[in-house]
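Asks: I'd like to ask some things about the structure below.
The values are calculated or read from the model by the stated rules, or taken from the named source; none is laboratory data. What you see is a predicted model, and the numbers here were worked out from it, not measured in a lab. Positions of Cβ are backbone-derived with ideal geometry, glycine not excepted, and every protein chain shown enters the neighbour counts. For accessibility, only protein heavy atoms count, side chains too; no ligands or nucleic acids. Shrake-Rupley method; radii C 1.70, N 1.55, O 1.52, S 1.80 Å.
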Amino acid sequence: MATTTQASTRPGTIGDRVSRAVDHWLLPVYVVGVTMYLVMPVAIMILFSFNDPTGRSNLVWRGFSVDAWMNPLGRPGLPNAVANSLIVAFTSTIIATILGTLIALALVRYDFRGRSSTNTLIFLPMSTPEIVLGASLLTTFIATVRLPFVPEGVLYPLSIRTIIIAHIMFNISFVVVTVRARLAGFPRHLEEAAMDLGANEWVTFWKVTFPLILPGIMAAALLAFSLSIDDYVITSFTAGQTQTFPLYIYGSQLRGIPVQVNVIGTIIFVVAVGLVLLTTVWQRRVSGRDYVGAAN
């Protein structure tokens, strides 16, 4: 017994101590390092939104100032660029979310001819390089000039309409994938219970199905909005003379990116993170109420 006690209290070898130290510190150090790597560009953007540069370039810290925050749109062309980006992002997000949700419901709920092909085609915009997708869309829009059933001005000349059409196209894929993930574990017995109680398909969808898949729809909409508002490659091929916020930034970098760009970027980041946090809190509250209701 004494021998056993002494063996259990004997300190481990150097290899054991090193192994325990690695297990104890490696994961936290890795997480901190990756987090800093991800957050650093955003932190620098926020920091330089308070910079007071002496010239056009905002690449060197000169001093703290809130002048840019007091006039965030105070550069020629910037208000129109931001407005165009918001119009494109909101419009494409709403339409892509509606269409993508309906497609996801059809793919999950119904078995129809061409279902497997549709599943494959949905992933094409996600897997195709953006530069190839943009060039293909540009060719498509120009080719419609020779089609007699396409009114002039709808697809050509290029304008904000063609940007919206392009963004809807690639956003639908992301919406379908996100909503399908929500529908994967959907409790179908709740719909069956509602219909047994006399509800028709329309009432069942709005009273039962839609509230349960709403968190997935909101997540898909936020993802689509984020992808749309910062897209540059596809937008550059389909914009024509229209200028969005990413196109404005690219054009400004040749003569110096103004501080207002950092301000607008910070505002977009804060709003996006705030919406994600609000959605997360709302989902937890809904899940908590559902859990309490089931327990009662």
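Asks: Suppose we filter N84, N80 for residues that are under 27 Å from I268 (Cβ atoms), open to solvent by 60 Å² or more (accessible area, probe 1.4 Å) and of a type outside the set (F, W, Y); which single one remains?
Replies: Selected residue: N80, the only one of N84, N80 that is under 27 Å from I268 (Cβ atoms), open to solvent by 60 Å² or more (accessible area, probe 1.4 Å) and of a type outside the set (F, W, Y).
Asks: Just name the residue that is nearest to F245 (Cα to Cα) out of those in segment 188-232 that are open to solvent by 50 Å² or more (accessible area, probe 1.4 Å) and among the hydroxyl-bearing types (S, T, Y).
Replies: For segment 188-232, the residue satisfying everything is Y232.
Asks: Hey, among the residues in segment 253-287 that are surrounded by 19 or more Cβ atoms within 10 Å (Cβ to Cβ) and not aliphatic (A, V, I, L, M), which one's farthest from N58 (Cα to Cα)?
Replies: Taking the candidates together, the pick is T266.
Asks: While we're on this one: If you check every pair at least six apart or on different chains, which have Cβ atoms under 9 Å apart with a residue in segment 170-187 that is under 11 Å from M126 (Cβ atoms) first and a residue that is among the acidic types (D, E) and in a helix (DSSP H, G or I) second?
Replies: Every condition considered, the pairs that remain are F170/E130.
Asks: Keeping to segment 100-115, report how many residues are open to solvent by 50 Å² or more (accessible area, probe 1.4 Å) and at positive phi.
Replies: The total comes to 0.
Asks: To continue, here is another question. Here are T144, T118, T140: which of them is of a type in the set (S, T, Y), farther than 23 Å from V82 by Cα, open to solvent by 60 Å² or more (accessible area, probe 1.4 Å) and assigned to a helix (DSSP H, G or I)?
Replies: Of T144, T118, T140, the one residue that is of a type in the set (S, T, Y), farther than 23 Å from V82 by Cα, open to solvent by 60 Å² or more (accessible area, probe 1.4 Å) and assigned to a helix (DSSP H, G or I) is T140.
Asks: Among I103, I122, I94, which is modelled with pLDDT under 90 and among the aliphatic types (A, V, I, L, M)?
Replies: I122
Asks: Ok, one more. Go through segment 10-46 and give me each residue that's of a type in the set (A, V, I, L, M) and open to solvent by less than 90 Å² (accessible area, probe 1.4 Å).
Replies: Matches in segment 10-46: V18, A21, V22, V31, V32, V34, V39, V42, A43, I44, M45, I46.
Asks: Okay, moving on. Give the residue, chosen from V88, V108, that is within 26 Å of F210 (Cβ to Cβ) and in contact (Cβ under 8 Å) with a residue 24 or more places away in the chain.
Replies: Result: V108 is the single residue among V88, V108 that is within 26 Å of F210 (Cβ to Cβ) and in contact (Cβ under 8 Å) with a residue 24 or more places away in the chain.
Asks: Next question. Looking only at residues in segment 156-171 that are open to solvent by 30 Å² or more (accessible area, probe 1.4 Å) and in contact with a helix residue (DSSP H, G or I) (Cβ under 7 Å, 6 or more places away or on another chain), which one is nearest to A221 (Cα to Cα)?
Replies: By that ranking, first place goes to M169.
Asks: When L73 is evaluated against the numbered criteria (1) open to solvent by 100 Å² or more (accessible area, probe 1.4 Å); (2) assigned to a loop (DSSP other than H, G, I, E, B), which criterion, by number, is the only one it fails?
Replies: Among (1) open to solvent by 100 Å² or more (accessible area, probe 1.4 Å); (2) assigned to a loop (DSSP other than H, G, I, E, B), the lone unmet condition for L73 is (1).
Asks: Just one of V276, V261 is more than 22 Å from R182 (Cα to Cα) and part of a helix (DSSP H, G or I); which is it?
Replies: Answer to the selection: V261.
Asks: When S57 is evaluated against the numbered criteria (1) open to solvent by 50 Å² or more (accessible area, probe 1.4 Å); (2) in a helix (DSSP H, G or I); (3) modelled with pLDDT under 85, which criterion, by number, is the only one it fails?
Replies: S57 satisfies all of (1) open to solvent by 50 Å² or more (accessible area, probe 1.4 Å); (2) in a helix (DSSP H, G or I); (3) modelled with pLDDT under 85 except (2).
Asks: So for segment 143-154 (the condition being of a type in the set (A, V, I, L, M, F, W, C) and in contact (Cβ under 8 Å) with a residue 12 or more places away in the chain), does at least one residue qualify?
Replies: No, every residue in segment 143-154 fails to be of a type in the set (A, V, I, L, M, F, W, C) and in contact (Cβ under 8 Å) with a residue 12 or more places away in the chain.
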